[in-house]
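J.: Pasting a structure below so you can have a look.
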Amino acid sequence: MKGIRFVPTWLHAYFDYIGGIVLIAAPFVFGFFNQGGPQVVIPMVLGVVLILYSLLTNYELGIPALRFIPMAGHLIVDFLAAAFLAASPFIFGFYTKSPNVWLPHLIAGVAVILLVLVSQTHAFAKTRALA
């Protein structure tokens, strides 16, 4: 399993912060903010939560004094949140709306699941290798 984990934690961290911002912006970018409901609330809340637990993760872009979430735990939360995001159009019934409403949820959720599967589970590997 180790061979397929080629995304270093520092790169995963950048994806986390960019992904959080994209999730918060998605309802505006895809034009469904005015519809309200779970299709708006879910990506925005998940985006904020993603940024918050990323700040607390023990990896290169976490806050040094507050890095208490291990990378493996971070990846579990990523996986669960992404699965919920991908399934949310079907759970809450907004898959019947325009594809610009439900498709971003599905694509982003599947993309994050794939990222989790290829992300390394130990931060600072480069630093340890140099020591």
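The values are calculated or read from the model by the stated rules, or taken from the named source; none is laboratory data. Everything quoted here is computed from the prediction, not taken from an experiment. Virtual Cβ from ideal backbone geometry, glycine too; neighbours counted across all protein chains shown. Quick note on the areas: whole protein, heavy atoms, side chains included, nothing else; ligands and nucleic acids left out. Shrake-Rupley method; radii C 1.70, N 1.55, O 1.52, S 1.80 Å.
J.: For the stretch 97-106, just list the computed ³J(HN,Hα) in residue order, Karplus coefficients 6.51, -1.76 and 1.60, θ = phi - 60°, integers in Hz, with x standing in for Gly and Pro.
T.: Running phi through 6.51 cos²θ - 1.76 cosθ + 1.60 with θ = phi - 60° gives 7, 4, x, 5, 8, 8, 5, x, 4, 5 Hz.
J.: Further question on the same structure: Over what distance in Å are the Cα centres of the stretch 45-91 and the stretch 16-44 separated?
T.: The stretch 45-91 and the stretch 16-44 have Cα centres separated by 16 Å.
J.: Within the stretch 66-109, what residues put their amide N at less than 17 Å from the label point 7 Å along the Cα-to-Cβ vector of VAL29?
T.: Counting backbone N atoms under 17 Å from the label point, the list is 82, 85-86, 99-109.
J.: Here is a follow-up. Mind listing which chymotrypsin sites (Phe, Trp or Tyr not before Pro) in the stretch 61-124 are in a DSSP loop and have 11 or fewer other Cβ atoms within 10 Å?
T.: Values: sites: PHE68, PHE79, PHE84, PHE90, PHE92, PHE94, TYR95, TRP102, PHE124; in loops: PHE68, PHE92, PHE124.
In loop regions of the stretch 61-124 (DSSP not H, G, I, E or B), the sparsely surrounded chymotrypsin sites (Phe, Trp or Tyr not before Pro) are PHE68.
J.: Spelling out what I want: for every residue of the stretch 55-62, take phi, set θ = phi - 60°, compute 6.51 cos²θ - 1.76 cosθ + 1.60 (Karplus), and round to whole Hz; glycine and proline get x.
T.: Running phi through 6.51 cos²θ - 1.76 cosθ + 1.60 with θ = phi - 60° gives 4, 9, 8, 7, 8, 4, 9, x Hz.
J.: Also: Round to a whole number: what % of the accessible area of the stretch 33-105 belongs to carbon and sulfur, probe 1.4 Å? Write out the running numbers ahead of the final one.
T.: Numbers: 2820 of 3660 Å².
Roughly 77 percent, rounded to a whole number.
J.: How much length would be gained if the chain were fully extended between ILE4 and ILE18, taking 0.36 nm per residue of separation minus their Cα-Cα distance, in nm to one decimal? Intermediate values should be presented prior to the final figure.
T.: Values: separation 14, 0.36 × 14 = 5.04 nm, distance 2.29 nm.
Length difference between fully extended and current span is 2.8 nm.
J.: Leaving out ligands and nucleic acids, and using a 1.4 Å probe, what accessible area per residue does the chain come to in Å²?
T.: Numbers: 7330 Å² over 131 residues.
For the chain, the per-residue accessible area is 56 Å².
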